[in-house]
Amino acid sequence: MLTQPLRDEHAELLPHVEALRVAADAIGESSATELAAKVREAEEFLTGHLIPHAKAEDDALYPIIDTLLGAPGATRTMSLDHVEVGRQTRLLGEMKAKMASGVLTRPQENELRMVLYGLYVLVELHFHKEEEAYLPLLDQRLTQGDATRMFEAMEAAATKAKGV
């Protein structure tokens, strides 16, 4: 499959996505120190890996899919998922800052739980949509050269998004 590198990348990211759910489950069950570590790791994953991955998709993957479908903007809903991941990640950062100043209130715990579970569901569903709807299309219609150029462009966009 031409899209195997993207499938492999998703497989590498999924344990970190699962960690979002585990962190949400830990609220009210783990010590404040343990929870803070889980939230810090979640935010680092999101900002250091997932958001650059999303930027690479927006810049290099989705335009190709739109072209193959003959429908500019066909992947707009997928990009909107990325916007929401960014918004939820900012909320997570705000919650992390509140945690640094002491114990969370019950409403703050509930908000943190919603953010973490929301991110978990959003990213899981997003990966599923890509793998079921878009990657088979790319496997059928791209040449090896097209796929190589696409992955090179995605790598460049992700590197740029990481600020490296």
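The values are calculated or read from the model by the stated rules, or taken from the named source; none is laboratory data. Computed from a predicted model, the values in this text were never measured in an experiment. Note: ideal-geometry Cβ built from the backbone for every residue, glycine included; neighbour counts use all protein chains shown.
For the reader, a short list of remarks on this structure follows.
- So Val17, is it among the β-branched types (Val, Ile, Thr), within 20 Å of Glu132 (Cβ to Cβ) and crowded, with 19+ Cβ neighbours inside 10 Å: yes
- Glu9 being in a helix (DSSP H, G or I), under 12 Å from the mean Cα position of the chain (by Cα) and touching a residue at least 12 places away in the same chain (Cβ under 8 Å): yes
- Of all the criteria given as (1) under 20 Å from Leu2 (Cα atoms); (2) among the charged types (D, E, K, R); (3) surrounded by fewer than 16 Cβ atoms within 10 Å (Cβ to Cβ), the one not satisfied by Glu130 is (3).
- Here Gly73 fulfils each of the conditions (1) assigned to a helix (DSSP H, G or I); (2) over 20 Å from Glu12 (Cα atoms) apart from (1).
- Being modelled with pLDDT of 95 or more, more than 20 Å from Leu14 (Cβ to Cβ) and more than 13 Å from the chain's Cα centre (by Cα) is a property that does not hold for Thr105.
- Residues of region 82-94 that turn out to be buried (at least 19 other Cβ atoms within 10 Å of the Cβ) and charged (D, E, K, R), as a count: 0
- Of the numbered criteria (1) exposed (fewer than 13 other Cβ atoms within 10 Å of the Cβ); (2) not in a helix (DSSP H, G or I), the one Ser30 fails is (1).
- Of all residues making up region 40-76, the number that are touching a residue at least 40 places away in the same chain (Cβ under 8 Å), over 30 Å from Met95 (Cα atoms) and among the hydroxyl-bearing types (Ser, Thr, Tyr): 1
- Count of region 144-153 residues which are in contact (Cβ under 8 Å) with a residue 40 or more places away in the chain and either loosely packed, with under 14 Cβ neighbours inside 10 Å or of a type outside the set (Asp, Glu) (or both): 5
- Counting residues in region 118-130 that are among the β-branched types (Val, Ile, Thr), in a helix (DSSP H, G or I), farther than 14 Å from Ala56 by Cβ and touching a helix residue (DSSP H, G or I) at 6+ places or on another chain (Cβ under 6 Å) gives one or more.
- Qualifying residue in region 87-101 (condition: of a type in the set (A, V, I, L, M, F, W, C) and either at pLDDT 95 or above or over 24 Å from Glu34 (Cβ atoms) (or both)): yes
- Only one of Ala97, Ala24, Ala60, Ala36 that is exposed (fewer than 15 other Cβ atoms within 10 Å of the Cβ) and either farther than 23 Å from Arg149 by Cβ or of a type in the set (A, V, I, L, M) (or both): Ala97
- Test for Pro136: is it modelled with pLDDT of 95 or more, at negative phi and surrounded by fewer than 17 Cβ atoms within 10 Å (Cβ to Cβ): yes
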